[in-house]
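Engineer: First the structure, then my questions, so here it is.
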Amino acid sequence: MSEFGIVIFPTAYSMQPVELAKAVESRGLDSIFVPEHTHIPASRRTPYPAGGDLPKEYSNTYDPFVFLTACAAVTEHIKLGTGICLVVERDVLTLAKEIASLDRISDGRFILGIGAGWNAEEMENHGIDYSKRWKVVREKILAMRELWTKDEAEFHGEFVDFDPVWSNPKPVQPGGPPVWMGATSKWSYDRIAEYCDGWLPIAGLDDGHLPKIEEALVNRGRKLSDITLAMFGLPPDEDFINSKIEEGYTHFCFGVPPESADTVLPMLDQYAAIAEKIRG
């Protein structure tokens with residue numbers, strides 16, 4: 001059965017986590033996803049990928065793990081995800097602990113949507129070479145899988161290097177939370193096939209990629225059914241959603257603006273009605 005949720009930039013001026021999470025779950029929706037920016041450099045050297053001025057919410061977003069933990073505390077069923085977490089900007093040992101802790105607090109409801117990001121100077125502030133960001137992401141994901149699954153984990157790479165450590169608690173979900181890739185470049189195909197459990201493109205940027213992802217999976221001894229096909233920034237268009245279900249997508253997240261309850265709640269009502277109709 002298809003699952004439906006929302007993706008929202010969580011800010012101090014938008015609907016707050018406790019109220020939002022309760023509203024999502026009470027309407028029978030399935031998930032909340034939130035993006036991440038630790039900060040936005042004032043230089044604005046890197047242009048906004050969508051063009052025009054950078055929206056206000058990019059420099060005002062809450063930390064995703066704090067926000068999602070608040071959501072976890074007042075819900076029982078909805079999944080809680082990052083859409084996406086900028087893994088490249090985070091210390092791997094701390095991030096592994098945050099994820100494992102949230103997964104346990106939520107009783108195994110966390111999904112790790114990942115990416116490398118687009119803002120070069122934001123990464124530079126974290127000491128990351130923009131040209132090597134995906135190599136860093138890969139090592140951090142592989143290292144976290146070791147931390148989540150081994151009693152004494154160690155990892156020795158070019159960017160991540162640590163001798164045997166104890167890192168507890170472990171996540172509830174065996175092997176750690178599912179990792180969904182939020183990227184659509186030609187280089188993402190093999191990355192998905194190597195170290196991800198799902199693909200999370202933005203609606204409208206997904207066309208033409210599935211056959212190449214499937215080919216990459218086959219080359220690594222996997223198949224398309226081994227991963228979850230999800231989508232975010234979804235329009236409230238039943239025909240579009242049904243066409244994506246036919247393609248194999250199973251998890252859909254509608255876009256919600258960072259606004260107050262007066263704006264958000266009617267949108268949740270609309271999305272819940274669409275979800276109920278499509279599920280039959």
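Rule-based calculations on the coordinates, nothing more; no lab input. Keep in mind that what you see is a predicted model, and the values were worked out from it rather than measured. Every residue, glycine among them, receives a Cβ derived from its backbone with ideal geometry; neighbour counts consider all protein chains shown.
Engineer: Does at least one position in segment 137-150 carry a residue that is more than 23 Å from residue 33 (Cβ to Cβ) and among the hydroxyl-bearing types (Ser, Thr, Tyr)?
Structural biologist: Looking for residues that are more than 23 Å from residue 33 (Cβ to Cβ) and among the hydroxyl-bearing types (Ser, Thr, Tyr), one finds at least one in segment 137-150, hence yes.
Engineer: Mind listing whichever residues of segment 65-94 are more than 17 Å from residue 7 (Cβ to Cβ) and within 14 Å of the chain's Cα centre (by Cα)?
Structural biologist: 87, 88
Engineer: Can we say residue 81 is within 29 Å of residue 153 (Cα to Cα), small (Gly, Ala, Ser) and in contact (Cβ under 8 Å) with a residue 40 or more places away in the chain? I'd like the intermediate steps shown before the answer.
Structural biologist: On the way: within 29 Å of residue 153 (Cα to Cα): yes; small (Gly, Ala, Ser): yes; in contact (Cβ under 8 Å) with a residue 40 or more places away in the chain: yes.
For residue 81, the condition - within 29 Å of residue 153 (Cα to Cα), small (Gly, Ala, Ser) and in contact (Cβ under 8 Å) with a residue 40 or more places away in the chain - is met.
Engineer: Quick check on residue 74: is it more than 21 Å from residue 8 (Cα to Cα) and surrounded by 13 or more Cβ atoms within 10 Å (Cβ to Cβ)?
Structural biologist: Values: more than 21 Å from residue 8 (Cα to Cα): no; surrounded by 13 or more Cβ atoms within 10 Å (Cβ to Cβ): yes.
For residue 74, the condition - more than 21 Å from residue 8 (Cα to Cα) and surrounded by 13 or more Cβ atoms within 10 Å (Cβ to Cβ) - is not met.
Engineer: Those residues that are surrounded by fewer than 17 Cβ atoms within 10 Å (Cβ to Cβ) and part of a loop (DSSP other than H, G, I, E, B), I need them from segment 231-258; list them, please.
Structural biologist: 235, 236, 237, 248, 250, 257
Engineer: Something else now. So which helices (runs of 4 or more DSSP H) stay within segment 110-227 end to end and still have 3 or more residues that are touching a residue at least 12 places away in the same chain (Cβ under 8 Å) and within 25 Å of residue 80 (Cβ to Cβ)?
Structural biologist: Numbers: elements: 120-125, 133-149, 188-195, 210-219.
Correct list: 133-149, 188-195.
Engineer: Sticking with this one: If you check 154, 158, 122, which single one turns out to be surrounded by 19 or more Cβ atoms within 10 Å (Cβ to Cβ) and of a type in the set (D, E, K, R)? Can you show your working first?
Structural biologist: On the way: 154 fails: surrounded by 19 or more Cβ atoms within 10 Å (Cβ to Cβ); 158 fails: surrounded by 19 or more Cβ atoms within 10 Å (Cβ to Cβ).
Within the list 154, 158, 122, the selection yields 122.
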